[in-house]
1. What is the number of the single condition among (1) more than 12 Å from Val65 (Cα to Cα); (2) among the small types (Gly, Ala, Ser); (3) in contact with a helix residue (DSSP H, G or I) (Cβ under 8 Å, 6 or more places away or on another chain) that Ala104 does not meet?
2. From the list Val240, Val189, Val218, Val199, which residue is within 30 Å of Glu166 (Cα to Cα), at pLDDT 90 or above and surrounded by 13 or more Cβ atoms within 10 Å (Cβ to Cβ)?
3. Output the residues belonging to the range 413-436 that are more than 21 Å from the chain's Cα centre (by Cα) and modelled with pLDDT of 85 or more.
4. If you take the residues in the range 291-305 that are open to solvent by less than 80 Å² (accessible area, probe 1.4 Å) and in contact with a helix residue (DSSP H, G or I) (Cβ under 9 Å, 6 or more places away or on another chain), which one is nearest to Val263 (Cα to Cα)?
5. For the range 386-401, enumerate the residues that are in contact with a Pro (Cβ under 7 Å, 6 or more places away or on another chain), hydrophobic (A, V, I, L, M, F, W, C) and outside any loop (DSSP other than H, G, I, E, B).
6. Checking the conditions here, which among Phe81, Phe144 is under 30 Å from Asp436 (Cβ atoms) and either in contact with a strand residue (DSSP E or B) (Cβ under 7 Å, 6 or more places away or on another chain) or at pLDDT below 90 (or both)?
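The values are calculated or read from the model by the stated rules, or taken from the named source; none is laboratory data. All of these numbers come straight from a predicted model, not from anything done at the bench. Positions of Cβ are generated from backbone atoms using ideal geometry, with glycine treated the same way; all protein chains shown enter the neighbour counts. Remember, those area values only see protein heavy atoms, side chains included, never the ligands or the DNA or RNA. Shrake-Rupley method; radii C 1.70, N 1.55, O 1.52, S 1.80 Å.
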Amino acid sequence: MHEENKPAANGCGKIRSGTQNEAALLALMEKTGYSMVQENGQRKFGGPPPGWEGPPPPRGCEVFVGKIPRDMYEDELVPVFERAGKIYEFRLMMEFSGENRGYAFVMYTTKEEAQLAIKILNNYEIRPGKFIGVCVSLDNCRLFIGAIPKEKKKEDILNEMKKVTEGVVDVIVYPNATDKTKNRGFAFVEYESHRAAAVARRRLIPGTFQLWGHTIQVDWADPEKEVDEETMQRVKVLYVRNLMISTTEDTIKAEFNKFKPGVVERVKKLRDYAFVHFFHREDAVAAMSVMNGKCIDGASVEVTLAKPVNKEGTWKQHFNGQTSPGSENLLGFPVKPASLSVRLNGQHSPGPPEAERCTYPFFPGIKLTPVSMYSLKSSHFSSAAMRLDYFCNKNNWAPPEYYLYSTTSQDGKVLLVYKVLIPTIADGSQSYFMPDKLCTTVEAAKELAAQFALLHL
């Protein structure tokens, strides 16, 4: 362990020297018996703790901590997080300057302790006016592979991915919404470990890698939402996937009522999937076992318990495949009109009729009435981003979230692309929408992403 001799503020706002920092950390180690080592841009406290026997804690025991004051260290942080339970390992991300990087990972010995930490420490005021964010942290073992030929079957994709990368466990492929004989143009590849997935991503990410003569897109898949068991025990809604577009809500309700009449409260269908609400949980669980794999209008459906939407989980950003707090949501940026000429997968994206752009004189005394944009018609919007927001509101969905990514072209230009997530409908079959074209301006990138999302909704 080594700290640069740099002044830092303690919890009382007083500046302390590097020597005082080191003394505080040594005192913490002496008091707890934990070891501390700094390597690869992070400082590990524990892992394992003193006297630990057996394997490390299972998946789900780690939490991510964001918005940590840069001059705060383990001697202040560890006592706070010990309130939730026994810490197996505390990893604080460090800068070369000696300051922390604003985030850390805390692994507890049990899942229950990790859940308690989220419950009592998320939005905790760690210093006057400074609130930390705490959420579940999961090692991501899944990659998103886009631009896959739509005629390829699961076996084709699995065999090809095993040839070019190591540690492939499974491939998840979903049928096209309108033609069940084709895939949706993307797949999720599951690896045996986060390390194997990270190595595969580095191999495939440059953008020049081809499968079946196609340049593929590669990104981390959004990790599956973790919902605690206590919450899942109360769920009485089923998620039904792989429905035909033509299948109606009445048909779905009738099919799920067959095994026990009158148990279904209501059905909400969205494109080729639906949420089936039951009056009682026990009927939902029974229906799930009966209906999973059954044919409805010629399509074999998948049925699982629906995972509740985490309404507080809107702060997301990628850290090496981790989904964690951040500030990439750029909803406030202006966007270009829908007349922006773009092509999506070789086809012009469908746009709304051109909004009327004429101006009219404003005379003194004209009466103005307050109006919500959501009370207008979609034809009043020339911007795809505004139309997507309007579309989500009309369907009672959460607003779209935009995440910005960049790369550099061969001639040195900064190129931009947005990923669009609609939290209400995010699931394994379509975790996000991301165009396969890059733009030179933020406005054009956001407009393109919104058009792409609208095209696929």
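1. Here Ala104 clears every test but (1).
2. Val189
3. Val414, Leu415
4. Across the range 291-305, the extreme among qualifying residues is Met291.
5. Correct list: Leu388, Cys392.
6. Step by step, each of Phe81, Phe144 is checked, and only Phe144 is under 30 Å from Asp436 (Cβ atoms) and either in contact with a strand residue (DSSP E or B) (Cβ under 7 Å, 6 or more places away or on another chain) or at pLDDT below 90 (or both).
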